[in-house]
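Comments concern the structure below.
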Amino acid sequence: MAQLTRPRTLSTLFRPLGALALMLALASPALADMQLQAPELSPGGRLPPAQVYQGFGCEGGNQSPALHWNGAPQGTRSFALTVYDPDAPTGSGWWHWIVYDLPASTQQLPADAGKASAPQLPTGARMGPNDYGSASFGGACPPPGDKPHRYIFTLHALDVEQLALPAKPSAALIGYMIKAHSLGEARLEALYSR
């Protein structure tokens, strides 16, 4: 004689998935804990003159800020750092700084580490091209009268020691490889207008 079974409800079917999601979240707290800080920048505050470009009508120090970070996810084998303005009137934003192949032991960069002539980067680290046309830090310089632009500093924890890139990669190719190897990221955003 056949037994009748009660049909399973959606809540009983998805209960195991909810438990799995909770276990995964608890097992990898480092993703939520990674932090990026800059003593010269207050989150959401105005960029100081030291981080403003020198040229194109802008008068600034054109220096990358001192940065430090902690809480990298388990399995981090290198870092990349990007500075991007999504509000630039170009249709594709503006890359101000790209640093990659930073060793996993790196936890800070000194002020002006992105200088083209004498970068103060750890051995093996490389800088990609910014949209000013040089492999260096390029400060903020939005058009006069624009609303405040956002300058997003993003630290990327990566699962490889080095990105497999040609000698002179484009910013888009570097960004693609960063996303392909990302374990997590931490952001710091500042504003600037003139």
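The values are calculated or read from the model by the stated rules, or taken from the named source; none is laboratory data. All of these numbers come straight from a predicted model, not from anything done at the bench. Here Cβ is always computed from backbone atoms with ideal geometry, including for glycine, and neighbour counts include all displayed protein chains.
Please work out if residue 119 is at pLDDT below 95 and within 25 Å of residue 181 (Cβ to Cβ).
In short, yes.
For the range 89-120, the candidate set comprises residues that are in contact with a Gly (Cβ under 7 Å, 6 or more places away or on another chain) and either touching a residue at least 60 places away in the same chain (Cβ under 8 Å) or surrounded by fewer than 17 Cβ atoms within 10 Å (Cβ to Cβ) (or both); within that set, the residue that is nearest to residue 141 (Cα to Cα) is 98. From the list 138, 114, 145, which residue is part of a loop (DSSP other than H, G, I, E, B) and on the phi > 0 side of the Ramachandran plot? Among 138, 114, 145, only 145 is part of a loop (DSSP other than H, G, I, E, B) and on the phi > 0 side of the Ramachandran plot.
Looking only at the range 85-101, decide whether some residue is under 13 Å from residue 53 (Cβ atoms), modelled with pLDDT of 95 or more and assigned to a loop (DSSP other than H, G, I, E, B). Yes, the range 85-101 contains a residue that is under 13 Å from residue 53 (Cβ atoms), modelled with pLDDT of 95 or more and assigned to a loop (DSSP other than H, G, I, E, B). For the range 40-54, filtered to residues that are out of contact with any strand residue (DSSP E or B) (no Cβ under 8 Å at 6 or more places or on another chain) and at pLDDT 95 or above, the residue that is nearest to residue 132 (Cα to Cα) is 54. For the range 65-84, the tally of residues that are surrounded by 15 or more Cβ atoms within 10 Å (Cβ to Cβ), among the polar types (S, T, N, Q) and assigned to a strand (DSSP E or B) stands at 2.
Inside the range 125-135, residues that are surrounded by 13 or more Cβ atoms within 10 Å (Cβ to Cβ) and assigned to a loop (DSSP other than H, G, I, E, B) make up a count of 7.
Within the range 171-179, not a single residue is surrounded by fewer than 19 Cβ atoms within 10 Å (Cβ to Cβ), assigned to a loop (DSSP other than H, G, I, E, B), without any contact (Cβ under 8 Å) to a residue 40 or more places away in the chain and of a type in the set (Gly, Ala, Ser).
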